[in-house]
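Below you'll find the structure, written out as structure tokens, and then a few comments.
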Amino acid sequence: MAATDVRSDRPMPPPTGRIDQARAEQLRAANINPRTGLATDYLNHFNEAVMLLEMVPDMPDCAEDFLTWTPLSYAEHFWASNFKARDLAIEAYECADPKIRANFDNLTATMTSILTAVGNAMREAQQDKTRATLAEQATAWVKPLVALAGGVINGNTDNDVEAAMSN
């Protein structure tokens, strides 16, 4: 998974410091959680893959659409999107509490690994039934991880994520 190093000239609060009310409002207005510095828009990247996988059992040709999905880092996703506050989203992510960001990055790396492995297996599969089974399994694994990542974005505790990842 490639990472993009993005920097800005804008002054940012320290990663673990409290943010002022104006900054919190700016983040909220951009759909970025001011407590975590993360935006749910990034999860659209994974939801797109899940949506395509969910269609494979009924429409086998959708496997080809899924196979065009490529992993993107948080910054890469925002650079490629039309998200109005993409610079702010990337900067807020860079300034997020390292522990929160590590939990989030662990979840997104796991989702990326699953989706990449399933894509590779689908490329090797000769039968639509095999691709459908792979799609169903991947969906069952990734959907709960997307929900967990959403929880991290929305400020759920580290214990919630650690407990879920250990199951």
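The values are calculated or read from the model by the stated rules, or taken from the named source; none is laboratory data. No experiment lies behind these values; they were computed from the predicted model shown. Cβ sites come from the backbone with ideal geometry, for glycine too, and all protein chains shown count toward neighbours. Heavy atoms of the whole protein, side chains included, go into the accessibility calculation; ligands, DNA and RNA do not. Shrake-Rupley method; radii C 1.70, N 1.55, O 1.52, S 1.80 Å.
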Output the residue which, of all residues in region 135-160 that are among the charged types (D, E, K, R) and open to solvent by 80 Å² or more (accessible area, probe 1.4 Å), is farthest from residue 93 (Cα to Cα). 136
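Results for (1) of a type in the set (A, V, I, L, M); (2) surrounded by fewer than 22 Cβ atoms within 10 Å (Cβ to Cβ); (3) over 25 Å from residue 23 (Cβ atoms), shown as yes or no for each residue.
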| residue | (1), (2), (3) |
| --- | --- |
| 37 | no, no, no |
| 70 | no, yes, yes |
| 79 | no, yes, no |
| 99 | no, yes, no |
| 102 | yes, yes, no |
| 109 | yes, yes, yes |
| 117 | yes, yes, yes |
| 126 | no, yes, yes |
| 133 | no, yes, yes |
Sole residue being under 20 Å from residue 42 (Cα atoms) and at pLDDT 95 or above, chosen from 116, 133: 116
